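Please treat every number below as a calculation from the coordinates, not as lab data. Only a predicted model underlies this, so the values are computations on that prediction, with no experimental measurement involved. Virtual Cβ from ideal backbone geometry, glycine too; neighbours counted across all protein chains shown.
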Amino acid sequence: MPQMIFVNLPVKDLKKSMAFFEALGFSFNPQFTDDTAACMVISDTIFAMLLTHEKFASFSPKPIADTSQSLEVLTALSRDSREAVDEIVSAALAAGGTTFSEPKDYGFMYAHGFQDLDGHVWEVMWMEESTTQS
């Protein structure tokens, strides 16, 4: 079985968060989605678990970070082109997200970030394929 990653994120309103990410083109696995959690499919092996605050708290003894005051995680997400980076950030802004960082162009890499409805930061980036090969 290939290695998988599940990023667990607390959300205030699960239905609104699901609608936000659906507007960005993501889908949800109904097998792992209910009234307390939603499994957002990022790729065949990468998922974001959107969890109500109550559900998230059942997994962690630490309090949920106040994203208006601090950054608990910065999730980097790759795209196939610079245009695709800008498209997903534009979709996030249109769906109610906010800009986290202005676009950064390093020539071989391009990045732009947004915050979702709960203040989680998503840094979307494109990198020339030759820079990722050994």
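Quick notes on this structure:
- Around the amide H of Asn8, modelled in the peptide plane, lie the amide H atoms of Met49, all under 5 Å away and 5 or more residues distant in sequence or on another chain.
- Sites matching chymotrypsin sites (Phe, Trp or Tyr not before Pro) across region 95-134 that sit in DSSP coil, with at most 15 neighbouring C-beta atoms within 10 Å: Tyr106, Phe108
- Between the residues Phe28, Thr99, Met127, the greatest Cα displacement towards the positive end of the dipole of the chain, with unit charges on the Cβ of Lys, Arg, Asp and Glu, is found for Phe28.
- Site-free segments of the chain were taken between GluC sites (Glu not before Pro) in DSSP loops having at most 14 other Cβ atoms within 10 Å, sites themselves excluded; the longest one is 1-71.
- Among the lysines of the chain, pairs that are 8 or more positions apart or on different chains and have alpha carbons within less than 21 Å of each other number 4.
- Per-selection Kirkwood Rh - the chain (Cα, Å, 1 d.p.): 15.7 Å
- The spacing between region 73-134 and region 50-70, judged by their C-alpha centroids, is 24 Å.
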